[in-house]
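Single-structure report; data block below.
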Amino acid sequence: MSSFSFNNKVVLITGAKGGLGSSVTDAFLAAGATVAGVSRSIQDSDFPNAQFYAVPAELTSAATAKAVVDAVVARSGRLDALVHLVGAFAPGSDYAVLEQMWNLNFRSTVLMVNAALPQMLAQGSGRIVATGSKAAVEASPGAAAYAASKAAVVSFIQSIAAENADAGVAANVVLPGTMDTSANRTAMPKADFSKWVRTEQVARLILSLASEDLSDVNGAAIPIYGRES
């Protein structure tokens, strides 16, 4: 049982299904939040909890992002936290990979933050948590495009934090190392999984950053690397 209370709080989670998304969604539901979960194919039945509802969407435009936030506010009346988990990894540094990583990792972050901010500013409060990566701040051979897109996420979130601190809105980013998900195990079957970051611990960190307990934390980029060297 979580020690953080999100009773009467509305949390919008993008990328709510999948390895990290499922852990984060479960954590917020356990803490009492009303959770609006976003992904392309998400359904209410994916999380059988009365506090959960699905908002199927593909975050490809400002209009789509705004429609998602509008749907949440129309149903729940407010938006206390945006947890943006949408992202992907592809190796390489050529322009095609850069464009893919830029759209999936950075552009989706910009779209969702800009869609959520007006509601939070109107309320005078809000928490934004985005996912960066260890690769954003440490050299990542073979993943230059991915690393650049995640570094852009870190810079963007920290700027949003500075711009909105006096308005009651805080923004932070977590920097996971390789996470222990089924997709990563399939992609790297010979790796030592015990050194990877557990998604439940990333979820716990995100939960804390979205809570009132850590309301003074703003503009932070927080590493959670597991035991990787």
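The values are calculated or read from the model by the stated rules, or taken from the named source; none is laboratory data. Treat the numbers as computed from the prediction; the structure is a model and nothing was measured. Neighbour counts run over all protein chains shown; Cβ positions are idealised from the backbone, glycine included. For accessibility, only protein heavy atoms count, side chains too; no ligands or nucleic acids. Shrake-Rupley method; radii C 1.70, N 1.55, O 1.52, S 1.80 Å.
The table below lists the values:
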item	result
Reachable lysines from LYS9, criterion Cα separation under 23 angstrom, eight or more residues apart if same chain	LYS17, LYS66
DSSP loop GluC sites (Glu not before Pro) with at most 14 other Cβ within 10 Å: longest gap in the chain	139-227
Stretch gain in nm, segment ALA165-VAL217, where the contour uses 0.36 nm per residue and the Cα spacing is subtracted	17.7 nm
Net charge dipole size for region 1-123 [Lys, Arg +1 and Asp, Glu -1 on Cβ; Debye, nearest 20]	260
Computed over the chain, the ratio Rg/Rh where both radii use C-alpha atoms and Rh is Kirkwood	0.94
Between region 72-150 and region 1-33, the alpha-carbon center distance in angstrom	18
Net charge over other residues, Cβ less than 14 angstrom from the Cβ of TRP196 (K, R count +1; D, E count -1)	+2
Within the accessible area of the chain (1.4 Å probe), percent carbon and sulfur	52
Contact order relative to length of region 146-197, as percent, for alpha carbon pairs under 8 angstrom and 6 or more apart	26
Geometric extent, Cα atoms of region 114-161 - Rg, Dmax (angstrom)	13.6, 43
Region 44-166 pair-distance distribution - Cα-Cα, 5 Å bins, rounded %	2, 11, 19, 20, 18, 14, 10, 5, 1, 0
Efficiency of FRET from Cβ geometry, GLN43 and GLN123, R₀ 35 Å, rounded to 0.05	0.75
Relative contact order (%) - the chain, alpha-carbon pairs under 8 angstrom, separation at least six	20
Potential lengthening between SER182 and GLU58 on full extension [0.36 nm per residue; Cα-Cα distance subtracted]	42.4 nm
